[in-house]
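Report on the following structure.
The values are calculated or read from the model by the stated rules, or taken from the named source; none is laboratory data. The structure presented is a predicted model; accordingly, all values stated were derived computationally and were not measured. Virtual Cβ from ideal backbone geometry, glycine too; neighbours counted across all protein chains shown.
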Amino acid sequence: MKLRDLVFTNALVVALALALVNYYFQSSFYHLVFTFIITLITCFLVFYYLIERYVYSKIKLIYKLIHNLKLGKDLKDALGEYVSDDPINDVEHEVKEWARVKKIEIDTLKQQEKFRREFMGNISHEIKTPLFAVQGYLEALQDEGMEDEELAKRFLAKAAKNIERLSLLITDLDAITKLETGEININYKRFDIVALIKETIEHMELKASAQSIQLVLKDKYNTPTWVYADRDKIHQVLVNLIDNSIKYGKPNGTTSIKVFELHDQILTEVTDDGSGIEEKYLPRLFERFFRTDVSRSRQIGGSGLGLSIVKHILEAHEQTITVRSTEGVGTTFAFTLAKAKSLLKY
């Protein structure tokens, strides 16, 4: 409702009320009409002045401030020239929208705070566990282990393994921090993704064999499949995904890799036939340190950052990674890469 309509409605109500009161006492239709007209005009002018002077102008000021701040203007420039035709209703709409956005921001901040607490707890645990283990082995060596050469070697080997675990954690944390801040450059070049997959399988075969898991490149690829990406980073993506499938695969199981050619992209899938993942965990699977089975994951080892690093590498390439899983059947990770164009264009 615009200002004039609002003022006229209020003036009309007051004028009609006063006219009826006057008619009640005077019992004259002439006095009724005269009182109604005079009161209507007077009330309209008085109400219009008061509302315009003390209410409506303030609403317009508030509206201009809200509207221009939403456009991203500085506070000193927020009181610009723009004024809505109906600021009263628009202020109501703007305030409701502001409240909705702030509610979303508050919920997001609460969720981020929850993730921050989980992250700090996880990183504290991941760092303390190998440190305390190393400390324990060294103290044991100082106390009595040095006299027994075989025991000393065993303790030193375990200490070295925990130092390696700590080193891996720090390396992965450094990598993910640089990826998130954009400090790591993506060195694009044209390469054959099938050749890289075969190379990665050879690299991971020994680890897979130790878990009785077979690595298979599905179908026969007789011709190169060219993509345009950072070869070293995509090698890391493949290593992390295959390593994840080995850790959570079943004994005597299989991890298969397939490549599909899309319109302007190449899709690569890494599929295992392990225990699968509950659907409720899938949205959080790429979070740092997120584990579906904490006790089993920590027994298996790893930094807990592998999938998060994979996601950040692919996002840095402006590509995507997805996951689908069925409990008791297995899990498939699929990521895209840009298809390489003619060699002459590079």
Q: May I ask you to list the residues in the range 290-334 that are modelled with pLDDT of 65 or more and part of a helix (DSSP H, G or I)?
A: Gly306, Leu307, Ser308, Ile309, Val310, Lys311, His312, Ile313, Leu314, Glu315, Ala316
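Kindly check whether there is at least one residue in the range 231-247 that is in a loop (DSSP other than H, G, I, E, B) and either of a type in the set (Gly, Ala, Ser) or closer than 23 Å to Ala340 by Cβ (or both). Give the derivation first.
At the first step, the residues of the range 231-247 found to be in a loop (DSSP other than H, G, I, E, B) are none.
No, the range 231-247 contains no residue that is in a loop (DSSP other than H, G, I, E, B) and either of a type in the set (Gly, Ala, Ser) or closer than 23 Å to Ala340 by Cβ (or both).
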Q. Listed residues Gln265, Gln211, Gln236; which is in contact (Cβ under 8 Å) with a residue 24 or more places away in the chain and in contact with a Leu (Cβ under 8 Å, 6 or more places away or on another chain)?
A. Gln265
Q | Qualifying residues in the range 199-256 (those that are loosely packed, with under 15 Cβ neighbours inside 10 Å and among the β-branched types (Val, Ile, Thr)) - the one farthest from the chain's Cα centre (by Cα) | A | Thr223
Q | Residues of the range 167-193 that turn out to be in contact with a strand residue (DSSP E or B) (Cβ under 6 Å, 6 or more places away or on another chain) and either at pLDDT below 90 or assigned to a helix (DSSP H, G or I) (or both), as a count | A | 1
Q) Looking at the range 124-135, is at least one residue at pLDDT below 80 and of a type in the set (S, T, N, Q)? A) yes
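When only residues in the range 309-329 that are among the acidic types (Asp, Glu) and farther than 19 Å from Asp172 by Cβ count, which is surrounded by the fewest Cβ atoms within 10 Å (Cβ to Cβ)?
By that ranking, first place goes to Glu318.
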